[in-house]
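Input: a single structure, listed below in structure tokens.
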Amino acid sequence: MSKLESFIRRMTAQRDCLNHTVELIKDLPGIVFELGLGNGRSYNHLCQILPEREIYVFDRRIASFPSCTPPEDHLFIGEVTHTLLKAAKVFGKKVAMVHVDLGTSDTVSSKQMMSKICPLLEPLVLPGAVIVSDTEFHGPVWEKIPGPMGIKKDRYFLYQTSSGL
């Protein structure tokens, strides 16, 4: 498979998983976190499919298209392991959905990063919250759930918090 075809499959999986998750959280109030802004395409998509939700973005620096840059009061700039701690003090347990798009082609490094991030999300998420992630992870409160039909296994991952959080 060419790099272009792989990219298209990854972007399609990302879009389909985000759209699927909107349906999963439709009855769950709360805010949305986007971990990794990049060019801002997925943030822009989230704004389109979740117009009634506040979306907060976390990244080391802003490199997005101007039309895909969140308002300053919805940005957390810096290392995600530090900014999530700050967010926990600001928001408490109010997050219904988290999109994690921080993975790289170094799967070992990406999984290590996720192992640091997941415990930081636990005090932020509501019972029933969903994580959409480009990297597989394991955690005591996260249950892997099926994604939408047509997504290749291990292309994108969905997890839901246990209802007893």
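The values are calculated or read from the model by the stated rules, or taken from the named source; none is laboratory data. Quick caveat: nothing in here was measured; it's all calculated off a predicted structure. Quick reminder, even Gly has a Cβ in these numbers, built from the backbone with ideal geometry, and neighbours come from all protein chains shown.
Observations, loosely collected:
- Against the test of being at pLDDT 90 or above and closer than 27 Å to Ser6 by Cα, the options Met149, Met97, Met114 yield a single qualifying residue, Met97.
- Which numbered condition Leu28 fails, given (1) touching a residue at least 24 places away in the same chain (Cβ under 8 Å); (2) assigned to a helix (DSSP H, G or I); (3) aliphatic (A, V, I, L, M): (2)
- Whenever a residue of the stretch 122-144 is closer than 13 Å to Val100 by Cα and without any contact (Cβ under 8 Å) to a residue 40 or more places away in the chain, its partners that are among the charged types (D, E, K, R) and part of a strand (DSSP E or B), lying with C-beta atoms within less than 9 angstrom and at least six residues away or across chains, give the pairs Glu136/Lys144.
- Qualifying positions in the stretch 37-53 - surrounded by 15 or more Cβ atoms within 10 Å (Cβ to Cβ) and either at positive phi or of a type in the set (Asp, Glu) (or both): Gly38, Gly40
- Residue in the stretch 81-100 that is over 22 Å from Tyr159 (Cβ atoms), out of contact with any His (no Cβ under 7 Å at 6 or more places or on another chain), crowded, with 16+ Cβ neighbours inside 10 Å and among the polar types (S, T, N, Q) present: no
- Whichever residue in the stretch 134-158 is part of a strand (DSSP E or B) and in contact with a Gly (Cβ under 8 Å, 6 or more places away or on another chain) and, among such residues, is surrounded by the most Cβ atoms within 10 Å (Cβ to Cβ): Phe157
- Residue in the stretch 25-33 that is in contact with a Cys (Cβ under 6 Å, 6 or more places away or on another chain) and surrounded by 12 or more Cβ atoms within 10 Å (Cβ to Cβ) present: no
- Selection status of Met97, of a type in the set (A, V, I, L, M) and free of Cβ contacts under 8 Å to residues at least 24 places away in the same chain: no
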